[in-house]
């Protein structure tokens, strides 16, 4: 069974919604665990090692803060699983949705972290996953 592009778009939207719930929960936990990090501007993506990777959006996080956030977010297995599934769907869409992407995007595990900000997608309210690429 090969899912249609329509099904992949629906799956991408569902994974985005799941990530949104899990990511907001993670950030809420930080308020109690590390209040010093709650005001920091960070996000996440999938690294080429298939681990969640923290994106320091303002270049203001220290090495220890990035390590803490990386370790903490990777322990959130529901978020991590949803992110990995979402990444696979987005890679498939970029590869197969020629109407939208015209075959101009190559998205794989090696370059995903340099292109896609999953935290931004999870916190956005897009109804069409193609708008996130």
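The values are calculated or read from the model by the stated rules, or taken from the named source; none is laboratory data. Given the structure is predicted, the values throughout are model-derived calculations rather than measurements. Neighbour counts are summed over all protein chains in view; Cβ atoms, including those assigned to glycine, are modelled from backbone coordinates with ideal geometry.
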(message) Within region 6-19, does at least one residue satisfy the condition of being farther than 18 Å from residue 89 by Cβ and surrounded by fewer than 16 Cβ atoms within 10 Å (Cβ to Cβ)?
(response) no
(message) If I ask for residues that are touching a residue at least 24 places away in the same chain (Cβ under 8 Å), assigned to a helix (DSSP H, G or I) and within 28 Å of residue 34 (Cα to Cα), which ones from region 88-117 would you list?
(response) 113
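May I ask you to list the residues in region 49-62 that are over 23 Å from residue 13 (Cα atoms) and assigned to a loop (DSSP other than H, G, I, E, B)? Talk me through it step by step, then tell me what you get.
Our first condition is that a residue be over 23 Å from residue 13 (Cα atoms); within region 49-62, this holds for 49, 56-62.
Within region 49-62, 49, 57, 58, 59, 60, 61, 62 meet the criteria.
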(request) Check off (1) touching a residue at least 24 places away in the same chain (Cβ under 8 Å); (2) closer than 20 Å to residue 16 by Cα; (3) part of a helix (DSSP H, G or I); (4) in contact with a strand residue (DSSP E or B) (Cβ under 9 Å, 6 or more places away or on another chain) for residue 65 and give me the number that stays unchecked. (result) (2)
(request) Identify all residues within region 69-81 that are part of a helix (DSSP H, G or I) and either closer than 15 Å to residue 117 by Cβ or touching a strand residue (DSSP E or B) at 6+ places or on another chain (Cβ under 9 Å) (or both); write none if there are none. (result) 69, 70, 73, 74, 79, 80
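Sort out which residues of region 118-131 are surrounded by fewer than 14 Cβ atoms within 10 Å (Cβ to Cβ) and either at pLDDT 70 or above or not in a helix (DSSP H, G or I) (or both), and write them in order of number. Walk me through it before giving the result.
Going residue by residue through region 118-131, those that are surrounded by fewer than 14 Cβ atoms within 10 Å (Cβ to Cβ) are 124-128, 131.
Answer for region 118-131, where residues must be surrounded by fewer than 14 Cβ atoms within 10 Å (Cβ to Cβ) and either at pLDDT 70 or above or not in a helix (DSSP H, G or I) (or both): 124, 125, 126, 127, 128.
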(request) Taking residue 48 as the residue in question, decide whether it is surrounded by fewer than 17 Cβ atoms within 10 Å (Cβ to Cβ) and in contact with a helix residue (DSSP H, G or I) (Cβ under 7 Å, 6 or more places away or on another chain). (result) yes
(message) If I ask for residues that are more than 25 Å from residue 65 (Cα to Cα) and outside any helix (DSSP H, G or I), which ones from region 1-37 would you list?
(response) 1, 2, 3, 4
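Please find, among 14, 8, 37, the residue that is in contact (Cβ under 8 Å) with a residue 24 or more places away in the chain and more than 17 Å from residue 54 (Cα to Cα).
Working: 14 fails: in contact (Cβ under 8 Å) with a residue 24 or more places away in the chain; 37 fails: more than 17 Å from residue 54 (Cα to Cα).
That would be 8, the only listed residue that is in contact (Cβ under 8 Å) with a residue 24 or more places away in the chain and more than 17 Å from residue 54 (Cα to Cα).
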